[in-house]
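See structure below.
Nothing in this text is a laboratory measurement; each read-out follows from the coordinates by a stated rule. Treat the numbers as computed from the prediction; the structure is a model and nothing was measured. All Cβ positions, glycine included, derive from the backbone under ideal geometry; neighbour counts span all protein chains shown.
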Amino acid sequence: MNSVILLGAPGSGKGTLAQHMKTRWGVSHISTGDMFREAVKNNTAMGAQASVYMKNGQLVPDDVTIGVVEERFSKDDVKKGFILDGFPRTIPQAQALDAIIKDKDLKITAVILLDVDKSLIIRRITGRRSCPCCGNVYHIETVKPKKDGICDGCGTALIQRKDDTEEVVKERLEAYEKQTAPLVDFYRAKKILVSIDASRSPDYMVKQLEDLGF
Ligand code: ADP
Ligand code: ZN
């Protein structure tokens, strides 16, 4: 059974890789970014709180984020394994996750670091389009849908995320360097970190995981 954390800068392909692996592994995809966007869409109080930070490319405060994840882990499907995409992103979040995992008698199989050339990130993110209905992610140059602007999976018109502009991406990258990059050492010390080259195609990322025995 696989229960992994995907760690990597914005635009490193965490969501795309999760999309590829969740069906192969039969596990749940847990994306805090998707959960926050869903809350914003549904106009919940938590969504209103989160959107202030998301708009500016900053991290949502730890207490809010940890609360959302705690609630998600109260569902039974996590026992089949899970892919954590975008969580944890700070040391306190990683510590909170340790406590949740221990409490539920679960185990993290590996932390997969998506290593990507920084020069690729801005182009990747500003060209990204996603389906507001099923969450599928595309790119205007590299991962085109069969029909321009339309989701292959469900036929919905694709949209660009509001925080996928160059200005906000720069903020998100800064937040990554300052707050999230320290998690690399945190998990390396626990000896569960593996690294893959995320500068190439999604298929190549999947192949690297297979070569690593996943
Ligand atoms: P990406 O990894 O491409 O930046 P996400 O969809 O994972 O995008 O996250 C989008 C936004 O949601 C982040 O910029 C941040 O504001 C918020 N967010 C998502 N996950 C977390 C987290 N674990 N902690 C704090 N904020 C988060
Ligand atoms: Zn769709």
(message) Below 19 Å, Cα to Cα, which lysines can Lys144 reach? Residues fewer than 8 away in the same chain don't count.
(response) Lys14
(message) What's the ranking of 183-193, 82-92 by average number of surrounding C-beta atoms within 10 Å, highest first?
(response) 82-92, 183-193
(request) Assign unit charges at the C-beta atoms only (+1 for Lys and Arg, -1 for Asp and Glu), then state the dipole size of the chain relative to its Cα centre in Debye, rounded to the nearest 20. (result) 360 debye
(request) Return the lysines within reach of Lys55: Cα separation strictly under 16 angstrom, same-chain partners fewer than 8 residues apart disregarded; answer none if there are no such residues. (result) Lys41, Lys162, Lys170
(message) Please compare each pair in Lys75/Lys118; Lys107/Lys147; Lys80/Lys190 to a cut-off of 29 Å on the Cα-Cα distance and tell me which ones are over it.
(response) Lys75/Lys118; Lys107/Lys147
(request) Can you tell me the FRET efficiency between Lys55 and Asp185 if r is taken as the Cβ-Cβ distance and R0 is 25 Å, rounded to the nearest 0.05? (result) 0.25
(request) Evaluate the charge dipole of the range 81-124 about its Cα centre and quote only its size in Debye, nearest 20, assuming +1 on the Cβ of each Lys and Arg and -1 on the Cβ of each Asp and Glu. (result) 180 debye
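Less than 12 Å Cβ to Cβ from Gln93, Lys/Arg counted +1 and Asp/Glu -1: what total charge do the surrounding residues give?
With Lys, Arg at +1 and Asp, Glu at -1, the net is -3.
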(request) Only residues of the range 140-159 count here: report those whose backbone N is under 19 Å from the spot 7 Å along Cα→Cβ of Asp203, or say none. (result) 140-147, 152-153
(message) Below 8 Å between Cα atoms, with a sequence gap of 6+, how large is the relative contact order for the chain in percent?
(response) 30 percent
(message) Could you tell me how far the Cα centroid of the range 38-66 sits from the Cα centroid of the range 128-191, in Å?
(response) 17 Å
(request) Go through Ala198, Gly149, Gly8 and say which Cα lies farthest out towards the positive end of the charge dipole of the chain; charges sit on Cβ, +1 for Lys and Arg, -1 for Asp and Glu. (result) Gly149
(message) Could you derive backbone 3J(HN,Hα) for the range 31-48 from the dihedral phi with the Karplus parameters 6.51, -1.76 and 1.60 (θ = phi - 60°), listing whole Hz in sequence and x where the residue is Gly or Pro?
(response) 10, 5, x, 4, 5, 5, 4, 5, 5, 5, 4, 8, 6, 7, 4, 5, x, 4
(message) Can you tell me, using C-alpha contacts under 8 Å and at least 6 residues apart, the relative contact order of the range 84-195 as a whole percent?
(response) 35 percent
(request) Rank-order 15-21, 62-68 by packing density, defined as the average count of other C-beta atoms within 10 Å over each peptide's residues, highest first. (result) 15-21, 62-68
(message) What does the extension gain come out to for Glu177 and Asp77, with contour length at 0.36 nm per residue minus their alpha carbon separation?
(response) 32.8 nm
